[in-house]
Amino acid sequence: MRYRVRNQKAWDRLVAQGSQFARTATDAECSNPLAALDGRGWLPHTVAGLRVLCLAAGGGWQSILYASAGAQVTVVDISPGMLELDNSEASRRNLNLRLIEGSMDDLSMLEDDSFDIVHQPVSTCYVPDILPVYREIGRVLRPGGTYLSQHKQPASLQITRMNSRKLYEFGIEYYHKGPLPPVQDEAYREEQAEEYLHRWEDLLGGLCRSGFVVEDVVEPVRADPTAPAGHYRHRGRFVAPFVRILARRREGIVAPTSQTSSLWIP
Ligand SMILES: C[S@@+](CC[C@H](N)C(=O)[O-])C[C@H]1O[C@@H](n2cnc3c(N)ncnc32)[C@H](O)[C@@H]1O
């Protein structure tokens, strides 16, 4: 599948370039790991002994923090380069991690109901369809388990450039299908990655239809009133780039995932 191959290569390259997203947890963060992982108090006050899946979360940040807090950690990521960061950092700190190279939309290597927490940083933009990802998470998470995730907001992915009047242009349609075209303003895009826009009815509606209850939604602030035009924090004043979601797997029977509504309402 082309998106997997391209994004694996893109992320291996980002590791080699020392991307800010390929950053392992610091000693200071490890001294209070839950505060670093979760500024909102969404996690239980201890995760010691809990089974945590860090999904598409290679790079040695989330995994090292959860393991420092005493959790049993599995990482699934498509990039061997990102997983190697988890591996070397875990060895250095004498922590135990289970590392699996795989794609978030096929978790067939993992058992049903085998995690208490799934933590997924920004990454659903790298798959064409978010519903198989939710379906897989709903399967591997135990009933009542916590799913913490962050995603790129669709409006931010619609921006193609800042024009001469310093206004951000929406050059991509909301209903765009397939890989996103290259853009001039790459502030919230990763070099050479194949990215996809997911609409709100999939990001939130898809979650509900996959057997989750949404408990909270926040938009991490990337706005800075002093940032110069064109800077990613200037752009963040106009459109929030990310959304962070707290969801819980419903107890009982999980509703089958249905398709989203049709594109045009007559
Ligand atoms: C923004 S990084 C997240 C990791 C980082 N630790 C962080 O804190 O932001 C996105 C991750 O998604 C991974 N990824 C991309 N496509 C994937 C896929 N189909 N399945 C699993 N992981 C994928 C990349 O390899 C990368 O590690």
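Okay, here's what the table says:
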| quantity | calculated |
| --- | --- |
| Lysines with Cα under 25 Å of K9, excluding same-chain neighbours fewer than 8 positions away | K152, K177 |
| Vicinal HN-Hα couplings computed from phi for region 59-75 (Karplus, 6.51 cos²θ - 1.76 cosθ + 1.60; Hz; Gly/Pro x) | x, x, 9, 4, 4, 5, 5, 4, 5, 4, 8, x, 7, 8, 10, 10, 10 |
| Most fluctuating residue given options L167, L157, L204, as computed from a GNM of the chain linking Cα atoms under 10 Å | L167 |
| Cα pair count fraction exceeding 24 Å, expressed as % - region 61-150 | 16 |
| Region 2-249: translational diffusion in µm²/s, Stokes-Einstein, Kirkwood Rh over Cα pairs, 37 °C, 0.692 mPa s | 177 |
| Unit charges on C-beta of K, R, D, E only; dipole of region 71-173, Debye | 580 |
| Cβ-based exposure ranking for T146, T226, in which fewest neighbours within 10 Å come first | T226, T146 |
| Dipole magnitude of region 206-249, debye to nearest 20 (Cβ charges: Lys/Arg +1, Asp/Glu -1, about Cα centre) | 120 |
| ³J(HN,Hα), Karplus 6.51/-1.76/1.60, whole Hz, each residue of region 6-11, x for Gly, Pro | 5, 6, 4, 5, 4, 6 |
| Rounded to the nearest 20 debye, dipole of region 2-249 from Cβ charges on Lys, Arg, Asp, Glu | 500 |
| Options A247, P228, F212, ranked by Cα towards positive dipole end of the chain, top entry (Cβ charges) | P228 |
| Under-5 Å amide H pairs with A71, H placed in peptide plane, nonlocal only | G49 |
| Hz values of 3J(HN,Hα) by residue in region 145-161 - Karplus curve (6.51, -1.76, 1.60), Gly and Pro given as x | x, 9, 10, 9, 8, 10, 9, 7, 6, x, 4, 5, 6, 7, 6, 10, 6 |
| Most fluctuating residue given options S31, S210, S103, as computed from a GNM of the chain linking Cα atoms under 10 Å | S31 |
| Ranked list, fewest to most other Cβ atoms within 10 Å of each Cβ, for F242, F115, F170 | F170, F242, F115 |
| Ranking of M162, M109 by count of other Cβ atoms within 10 Å, fewest first | M109, M162 |
| Region 3-76 and region 82-148: distance between their alpha carbon centers, rounded to Å | 10 |
| DSSP beta bridges in the chain [antiparallel fraction, %, rounded to 5] | 45 |
| 5 angstrom amide H check on Q153, placed H, neighbours 5+ away | F242, V243 |
| Selected from A247, A35, A22 as most flexible by GNM, with the chain as the system and alpha-carbon contacts under 10 Å | A35 |
| Mean projected area (nm²) of the alpha-carbon convex hull when region 1-137 is viewed from all directions | 8.0 |
| Cut-off under 5 Å, modelled amide H: who pairs with F212 long-range | R250 |
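Read the figures in this text as sums done on the coordinates, not as results from a lab. Quick caveat: nothing in here was measured; it's all calculated off a predicted structure. Backbone-built Cβ (ideal geometry, glycine too); neighbour counts: all protein chains shown.
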